[in-house]
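S.K.: Dropping the structure in here first, questions after.
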Amino acid sequence: MGKVIAIANQKGGVGKTTTAINLAASLAVLEKKVLIIDADPQANTTSGLNFSPDDDQKRTLYEVMIGKLDVRDALIQTEIANLHMIPSHINLVGAEIEMLESEERESVMKNAIAPVRGDYDFIIIDCSPSLGLITVNSLTAADSVMIPVQPEFFALEGLGKLLQTIRIVQGGVNPGLGIEGFVVTMFDGRTKVHTQVVNELKEHFKDMVFKTIIQRNIRLSEAPSHGKPIILYDVICNGTTNYLNLAKEVLEKNNML
Ligand SMILES: Nc1ncnc2c1ncn2[C@@H]1O[C@H](COP(=O)(O)OP(=O)(O)OP(=O)(O)O)[C@@H](O)[C@H]1O
Ligand SMILES: [Mg+2]
């Protein structure tokens, strides 16, 4: 049964999509079978993996979640052999409203992806910067949450609300939800506050903080505009090394190395 990891933080622009794409690609390169699900109506993962959400508007997560399309018919083969994707589209916003009617509204995604869970070693879900119903669905479908943290001054304050949402999901629909870990993104060792925030994070969350730190790397921000994960865009840059190390740490934590 594949492990489902949701990449979540309701703070915008902290590196969720970059982490989802490059962790998924790195795990795939390390010979795991991986599915990445774009659960954000902004569809950044979708375009970052070279798929225009307008190419095939009728075969996205939205249609899967409203029950119009079997999950197996939404799978896209990416440029990396072991990496499949379920794309997103702005119309996913509509699912949030339509699901309000549904009885098991937190479990729609979990039920929808159940038929393919056994086909993958990992399913990575890129969440939107919100704690709305689609993110709650992602947390309900997930075995664990990975939390990207950009080491800025207010980073830790925002985490309280996310942890509270995680606890609510744990106390209700998904008691088994774990925390995969906190991963520091866009780190710049020359910036004093970055080092301070990382130290604080480690003080608070101890070994729940990944040892691998994702450094600020311009190549990581360029890669999506070429529709490529970093490993296919620049195999020798820091971004590639950092995300491969993060993937290895995830495998190690899950006794899969
Ligand atoms: N390590 C990094 N080095 C340099 N730039 C980065 C790095 N990580 C992410 N970025 C850039 O920072 C911006 C925000 O990253 P990203 O889109 O991954 O964040 P996000 O949390 O998914 O945002 P949103 O909340 O809007 O979904 C993007 O332009 C991305 O290319
Ligand atoms: Mg994003």
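Every number in this text was worked out from the coordinates using simple rules, so none of it is lab data. Computed from a prediction, not measured in an experiment: that's the story for all the values here. FYI the Cβ positions are ideal-geometry reconstructions off the backbone, even for glycines, and counts take in every protein chain you see.
S.K.: Any lysines with Cα under 17 Å of the residue 110 Cα? List them, leaving off those in the same chain fewer than 8 positions away.
M.R.: 3, 68
S.K.: Continuing with the same structure: Using each residue's phi in segment 223-238, evaluate 6.51 cos²θ - 1.76 cosθ + 1.60 at θ = phi - 60° and report the 3J(HN,Hα) Karplus result to the nearest Hz, with x for Gly and Pro.
M.R.: Working through the residues one at a time gives 3, x, 6, 9, x, 10, x, 4, 5, 8, 8, 8, 6, 9, 7, 4 Hz.
S.K.: Once amide H atoms are built 1.01 Å from N in the peptide plane, which residues 5 or more positions from residue 182, or in another chain, come under 5 Å H to H?
M.R.: Under 5 Å from the amide H of residue 182: 147, 209, 210.
S.K.: Here's something else I'd like to know. Looking at segment 1-110, which GluC sites (Glu not before Pro) are DSSP coil and have at most 15 other C-beta atoms within 10 Å of their C-beta? Walk me through the numbers on the way to the answer.
M.R.: Values: sites: 31, 63, 79, 96, 98, 101, 103, 104, 106; in loops: 31, 79, 101, 103, 104, 106.
Loop-located and lightly packed - 31, 79, 101, 103, 104.
S.K.: State the antiparallel share, in %, of DSSP beta bridges confined to the chain, rounding to the nearest 5. If you can, show how the numbers build up before the last one.
M.R.: Numbers: 2 of 28 bridges.
About 5 percent, rounded to the nearest 5.
S.K.: Oh, and also: Determine the calculated [θ] at 222 nm for the chain from helices alone, applying -39500 (n - 2.57) to every DSSP H run no shorter than 4 residues and normalising by the residue count; nearest 500 deg cm²/dmol. Walk me through the intermediate numbers first.
M.R.: On the way: 11 runs with 103 residues, N = 257.
After summing the helix terms and dividing by residue count, I get -11500 deg cm²/dmol.
S.K.: Further, regarding this structure: How many angstrom lie between the C-alpha centres of segment 132-197 and segment 44-100?
M.R.: Centre-to-centre (Cα) distance: 24 Å.
S.K.: Using θ = phi - 60° and the Karplus relation 6.51 cos²θ - 1.76 cosθ + 1.60, list the HN-Hα couplings for segment 245-257 in order, rounded to whole Hz, with x at every Gly or Pro.
M.R.: 5, 4, 4, 5, 5, 5, 4, 4, 4, 9, 6, 10, 8
S.K.: Shifting gears a bit: Report ³J(HN,Hα) in whole Hz for each residue of segment 115-126, in order, from the Karplus equation J = 6.51 cos²θ - 1.76 cosθ + 1.60 where θ = phi - 60°; Gly and Pro get x.
M.R.: Whole-Hz 3J(HN,Hα) from phi for segment 115-126: x, 10, 4, x, 8, 10, 7, 9, 10, 9, 10, 8.
S.K.: Right, next: Can you give the translational diffusion coefficient of the chain in µm²/s, computed by Stokes-Einstein from the Kirkwood radius over Cα pairs at 25 °C and 0.890 mPa s?
M.R.: On the way: Rh = 18.1 Å.
The calculation lands on 136 µm²/s.
S.K.: Number of Lys pairs in segment 181-250 with C-alpha atoms less than 19 angstrom apart, excluding same-chain neighbours closer than eight positions?
M.R.: Close lysine pairs found across segment 181-250: 4.
S.K.: Now, a different point. Any idea what Rg and Dmax come out to for segment 102-149 if you just take the C-alpha atoms, in Å?
M.R.: When restricted to Cα atoms, segment 102-149 yields Rg and Dmax of 11.2, 34 Å.
S.K.: What translational diffusion coefficient, to the nearest whole µm²/s, does segment 1-152 have by Stokes-Einstein, given a Kirkwood radius computed over alpha-carbon pairs, a temperature of 25 °C and 0.890 mPa s viscosity?
M.R.: On the way: Rh = 15.0 Å.
Here the translational diffusion coefficient equals 164 µm²/s.
S.K.: Oh, and also: Which whole number in µm²/s is D for segment 194-257 by Stokes-Einstein, with the Kirkwood Rh taken over Cα pairs at 10 °C and 1.306 mPa s? Let's see the in-between values first.
M.R.: Details: Rh = 13.2 Å.
D, rounded to a whole number, is 121 µm²/s.
S.K.: Can you tell me, using C-alpha contacts under 8 Å and at least 6 residues apart, the relative contact order of the chain as a whole percent? Numbers along the way, then the final one.
M.R.: Details: 503 pairs, mean separation 67.5, N = 257.
26 percent.
S.K.: Loop-only chymotrypsin sites (Phe, Trp or Tyr not before Pro) in segment 122-157, please: DSSP not H, G, I, E or B, and at most 11 other Cβ atoms within 10 Å.
M.R.: 153, 154
S.K.: I would also like to ask the following. Going through segment 6-75, which trypsin sites (Lys or Arg not before Pro) have at most 16 other Cβ atoms within 10 Å and a DSSP loop state? Mind dumping the intermediate values first?
M.R.: Values: sites: 11, 16, 32, 33, 58, 59, 68, 72; in loops: 11, 32, 33, 58, 59, 68.
Answer in residue order: 33, 58, 68.
S.K.: Let me see the pair-distance distribution of segment 1-64: every alpha carbon pair, 10 Å bin width, integer percents in order.
M.R.: Percent of pairs per bin, in order: 19, 50, 31, 1.
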